[in-house]
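Structure first, commentary second.
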Amino acid sequence: MSRFDFTLAVGDDALIAAQRLGEWTSRAPEMEEDIALANIALDQLGAARLLLTYAGELEGAGRDEDDLAYLRDDREFRNCLLVELPNGDFGVTMAKLFFLAAYQVPLYSALAGCADERLAAVGAKARKESAYHLDHAALWVKRLGDGTEESHRRMQDAVDQVWPYVHELFAPDPAAPVDPSTLRADFDATVSAVLDEATLTRPETGWAPGGGRDGLHTEHLSYLLAEMQVLHRAHPGASW
Amino acid sequence: MYGNDFAPPEDAPGGGLLGEVEAAEAALREAAARARRGGAAPDEDVEAYFADVINADQKIEPRDWMPEAYRRTLIRQIAQHAHSEIIGMQPEGNWISRAPSLKRKAILLAKVQDEAGHGLYLYAAAETLGISRDELVELLLDGRQKYSSIFNYPTLTWADVGAIGWLVDGAAIVNQVPLCRCSYGPYARAMIRVCKEESFHQRQGYEILHTLAHGTPAQKAMAQDSVDRWWYPSLAMFGPPDGDSTHSAQSMAWKIKRFSNDELRQRFVDMCVGQAEVLGLTLPDPDLRWNDERQAYDYTQPDYAELMRVIKGDGPCNRERMAHRRKAHADGAWVREAAAAYAAKRAERKEPVAA
Amino acid sequence: MSERTERSEGREGMPSRHGMSERTERSEGREGMPGRLGMSSSSSPLWEVFVRARRGLSHTHVGSLHAPDAELALRNARDLYTRRQEGVSIWVVPASAITASSPDEKDAFFDPAADKVYRHPTFYEVPEGAAHL
């Protein structure tokens, strides 16, 4: 993966995650949680903007963050499938966030030490934010896993449902600024510890869908983009 | 001394409404410093004591004796205010997913998030009066307490996000700034915090409209259309005309409310005229003109019959707004139960959960 | 109408001149004082939040919130009360763990301090020319 593709992929992950989290606004289980989810969405969106801006510069074709966010079709997006999956119930959203953050923490930490100064700066900023996301998601995974019978069932279902989509995150790529396969051990350790404490079972690894990094997505992404891009595309060239 | 009139915006320290909020905060500190008055002595007439505190422009605090009607009025008003913040997240939240640039998306997310925060500050203030959050939420969900009728209008275009910021938040701020001087301490303090945070809300709305009004013809038309739709509902936010307002006189005497509905509405109109000119947009009132004698603008009153219809539940979005809130509450029940069960298990095991 | 609300509305109407009605007594509790309010059991407990705005300042009461346990209370406090970098340190305290002076004791508690002016430096006359005092 070139530096451009890599930056785009990491930026698209953050952008699509922010878009999904933003859907929770005014719908969270507690009003306090509404605020927390918005904070996490804002962090992801902030990282996405820095990364997409930098990707545009790397490409050198004059595209800015909005050109990249609003004027690409789903086949041109490089995000992982995990982030585009629908929110589901609060358990599914927490499972998605937990796995994403458990990947982003070591990713951003590695980026913080990489040779590319711009990526290093993004990594240094975003790893602190991701650490908070991981903490928040882990708190909820434990509470739902070890809460009531119903919440345990729902949280286990959520973990089972989302788990297949994590493998794509770690596909080896020695040419990338950070080889994702090097992050897997860290991810597994985090996940095992939290799932254990939450009295949840880590699913067996079987089906492992992928393709997001090559622009082959689930059916969900096109709908997400249709909504996200509709206004921007309806007024070509306009300023907002 | 406060209580007599508004300083013209440009004279306020710090400039404009935000300056007035800061002045209110300073006045709160001054009043606190001015005299040390404890509670009523055991043999003192508590009503006289209460009146004394109010007359001295000092704050009533949760532990003070207060007339039941004062308590009820405050609970109703603060709760309605809190509910408005929470329901108010919906019309603007409606555009988060479609915000036309990433910068606008971030601003809007932060703004709607602030509204949730303001709702929580206000629920906390109401709880000091002896009612629980659960009870307040229940009162909202089964329709026994109201929220501002403005949120029963739909946001049909992106420009509506701008119009809400400029007109709706603008009207809310004109309403709320005097509440920073309300006689009930926790409410006054919550309002100071809310108003300080809200100052960015109005500006972002104005900026959206300004950008649209100076954009493509389609964008400008979108902006004008939204101002046409939001102007009169915004005027109606100040409530019925003074003659028809049921709670006003007593609330003024208690210094819960400090200006009449019509005074505040006039002030809002006078502010907006110049701002609309800068936008290059027209306020949809052919009779809007300067009255030299009154030193204020003459304007057409909003349709108060419509206001009453919307308050009673027949606005365009009342049913949707309530259904949305009820669904969020119901969908979250299993999560809240799980968290409570987890906390109980932890407490039983006597494991400290503190971080 | 739920039983709970009926009861609470009944109480609001109760005459409570002089002294405290049961309700007032409880509501006293709030704003940094003890007592879960109301009889509702489903909601999570109330926590009082204290924030240290900057190094060198003490923690100050900023408000309250609901959370099922201390960990979540702390995180909710961070999101609710320090969105604009208002703090460098947060305490959360269960509202029920705070014991407050009661209004009846108020005078007994605080008035005796009123005549001890000698506790304040302004009580003392500083002779002219004496510096660094």
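Remarks
- Note on surface exposure: A:His217, C:His61 rank C:His61, A:His217 by accessible area, highest first, 1.4 Å probe.
- Charge dipole (Cα centre; +1 on Lys/Arg Cβ, -1 on Asp/Glu Cβ; no other charges) of the protein assembly as shown amounts to roughly 660 debye.
- Across the options A:Asn79, A:His217, A:Thr93, the greatest Cα extent toward the positive end of the charge dipole of segment A:3-234 (unit charges at beta carbon of Lys, Arg, Asp, Glu) belongs to A:Asn79.
- Stokes-Einstein D (µm²/s) once Rh is taken as the Kirkwood radius of the protein assembly as shown over alpha-carbon pairs, at 10 °C in 1.306 mPa s: 57
- Degrees, to the nearest 10: A:220-234 long Cα axis against longest axis of chain A: 40
- Here the Debye sum runs over all C-alpha atoms of segment B:175-245 as equal scatterers in vacuum, and log10 of I(q)/I(0) at q = 0.17 Å⁻¹ comes out as -0.83.
- Over segment B:135-211: Kirkwood hydrodynamic radius from C-alpha pairwise inverse distances, Å: 14.0
- Rolling a 1.4 Å probe over the protein heavy atoms gives segment A:3-234 an accessible area of 36 Å² per residue.
- P(r) of segment B:112-248 over all Cα-Cα pairs, binned every 5 Å from zero, in whole percent: 2, 9, 15, 19, 19, 16, 10, 5, 3, 1, 0
- Loop-located GluC sites (Glu not before Pro) in segment A:136-240 (DSSP state not H, G, I, E or B) with no more than 16 neighbouring Cβ atoms inside 10 Å: A:Glu204, A:Glu219.
- Both radii were evaluated on the Cα set of segment B:259-355; the Rg over Rh quotient, with Rh as the Kirkwood radius, amounts to 1.34.
- Per the Debye formula on identical point scatterers at the alpha carbon atoms of segment A:86-240, with no solvent, log10 I(q)/I(0) at q = 0.13, 0.19 Å⁻¹ is -0.72, -1.22.
- Under a Gaussian network description of chain B, with springs only between Cα atoms under 10 Å, the residue in B:Pro178, B:Pro233, B:Pro286 that fluctuates furthest is B:Pro286.
- Relative contact order of chain B: 17 percent, from C-alpha pairs under 8 Å at least 6 residues apart in sequence.
- Once backbone amide H atoms are built at 1.01 Å from N, A:Arg63 has no partners under 5 Å, excluding neighbours fewer than 5 places away on the same chain.
- A simple charge model with +1 on the Cβ of Lys and Arg, -1 on the Cβ of Asp and Glu and nothing else charged puts the dipole of segment A:3-234 at about 240 debye relative to its Cα centre.
- Longest segment of chain B lacking GluC sites (Glu not before Pro) that sit in a DSSP loop with at most 15 other Cβ atoms within 10 Å: B:45-292
- Largest first, the three principal axis extents of the alpha carbons in chain B are 67, 56, 38 Å in whole numbers.
- Placing R0 at 35 angstrom, the Cβ-Cβ distance between B:Glu47 and B:Arg144 gives a FRET efficiency of 0.75 after rounding to 0.05.
- Radius of gyration and Dmax over the Cα atoms of segment A:63-150, both given in Å: 15.9, 50
- DSSP beta bridges confined to the protein assembly as shown are antiparallel in about 95 percent of cases.
- Here, segment A:1-154 has an Rg and a Dmax of 16.0, 54 Å when only alpha carbons are counted.
- The average projected area of segment A:32-98, computed from the convex hull of its Cα atoms over all directions, is 5.3 nm².
- Hull volume per residue, based on the alpha-carbon atoms of segment B:103-145 and their convex hull, is 69 Å³.
- When you filter the trypsin sites (Lys or Arg not before Pro) in segment B:122-177 for DSSP loop state and at most 14 other Cβ atoms inside 10 Å of their Cβ, you are left with B:Arg144.
The values are calculated or read from the model by the stated rules, or taken from the named source; none is laboratory data. Source: prediction; values computed, not measured. Every residue, glycine among them, receives a Cβ derived from its backbone with ideal geometry; neighbour counts consider all protein chains shown. Ligands, DNA and RNA are stripped out before the accessible areas are found, and what is left, the full protein with its side chains, is counted by its heavy atoms. Shrake-Rupley method; radii C 1.70, N 1.55, O 1.52, S 1.80 Å.
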